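The values are calculated or read from the model by the stated rules, or taken from the named source; none is laboratory data. Note that the structure is a prediction, hence the values are computed from the model and not measured. With ideal geometry, Cβ positions are generated from the backbone for all residues, glycine too; neighbour counts draw on all protein chains shown.
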Amino acid sequence: MEKKYKTEKDPKTKFLRIIALKDFSDVKAGDKGGLIGEEQNLSQEGDCWIYDNAEVWGSAYVSGDAKISGNAEVYGWARVYGEACVGGDAKVYGSARISKNASVSGSAQVWGAAQVYGRACVYEHANVCDYAQVYDNARVSGNAKVYGFAQISGNAEIWGSAQIYDCANVCGNAWVFGRARVCGYVEASNGARIYGNVKLWANKKSWWIDTSIKDSKDYVILVIKDRFRLFPSDIKDIIDYFPFIEENYVKNIETIRQLYGEKI
């Protein structure tokens with residue numbers, strides 16, 4: 001296999017500077033690229049490249065036609081491949097995977113076992129971690145955080161200080177922004193707009209939310225006998241609502257907690 005780059009010790013860091021040995025993509029023979037810990041961090045095949053002062057080290061691996069640029073850092077056991085791009089001051093680490101045509105930029109961080117793929121974008125100060133997945137044409141930006149086993153897909157957009165976590169699923173053309181929280185087993189889709197200080201939590205897989213919800217209160221979603229209901233999260237308010245659904249079923253706060261968990 002003909003090598004596409006060689007390395008030289010960088011005098012200012014503990015890393016190796018890559019130098020192109022031939023023309024490929026937008027790289028010309030002799031161009032100096034970014035920094036790697038060792039040759040195993042960057043494939044000699046494909047058009048993948050590390051630009052500027054970007055760094056890849058540890059057991060991380062960049063392959064395919066992926067691009068790492070700016071001051072981005074990829075480390076740990078992370079993988080960046082396909083035609084994915086990581087740039088700006090972004091960090092990808094842990095066992096994270098960035099693939100296909102996805103991009104991570106700004107000061108965003110993707111870590112843990114999180115995956116970003118398709119044409120998804122994670123940027124600004126957003127954080128995607130744990131086992132979360134962002135894919136299709138989804139966008140996560142601002143100071144938003146996606147974690148747990150949450151999934152963001154379709155044309156969904158998450159921004160502001162919004163948080164999506166647990167097993168929540170935001171998809172379709174849904175938007176979640178402001179200080180909104182979507183967690184538990186909530187599934188928001190279609191044209192849903194969830195914003196303000198609203199919090200949505202479901203005790204088990206609920207029906208999909210496809211309408212706008214804005215409020216300064218918290219809400220919980222309860223699935224009772226397969227029927228979806230949205231309640232203010234204040235315990236007293238929930239008790240006041242229950243007589244309209246199952247008049248003699250819920251007797252007190254402790255019963256509610258036993259049935260639907262301590263989050264209520």
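Residue-wise test of (1) buried (at least 23 other Cβ atoms within 10 Å of the Cβ); (2) more than 16 Å from ALA144 (Cα to Cα); (3) in contact (Cβ under 8 Å) with a residue 12 or more places away in the chain.
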position: ILE164; (1), (2), (3): yes, no, yes
position: CYS171; (1), (2), (3): no, no, yes
position: SER189; (1), (2), (3): no, yes, yes
position: LYS199; (1), (2), (3): no, no, yes
ask   = Filter segment 147-182 for residues that are in contact with a Lys or Arg (Cβ under 6 Å, 6 or more places away or on another chain) and farther than 18 Å from VAL110 by Cα; which is modelled with the lowest pLDDT?
value = ARG181
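Here's the yes/no breakdown for (1) within 12 Å of the chain's Cα centre (by Cα); (2) hydrophobic (A, V, I, L, M, F, W, C); (3) buried (at least 18 other Cβ atoms within 10 Å of the Cβ):
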| residue | (1), (2), (3) |
| --- | --- |
| GLY58 | no, no, no |
| ALA72 | no, yes, yes |
| SER95 | no, no, no |
| VAL104 | yes, yes, yes |
| SER107 | no, no, no |
| TRP111 | yes, yes, yes |
| LYS145 | yes, no, yes |
| ILE152 | yes, yes, yes |
| GLU157 | yes, no, yes |
task = Search segment 111-138 for residues that are in a strand (DSSP E or B) and pair each with any residue that is modelled with pLDDT of 95 or more and among the charged types (D, E, K, R) when their beta-carbon atoms are under 7 Å apart and the residues are at least 6 apart or on different chains.
result = GLN115/ARG97; CYS121/ARG139; ASN127/LYS145
task = Those residues that are of a type in the set (Gly, Ala, Ser) and on the phi > 0 side of the Ramachandran plot, I need them from segment 34-64; list them, please.
result = GLY46, GLY58, GLY64
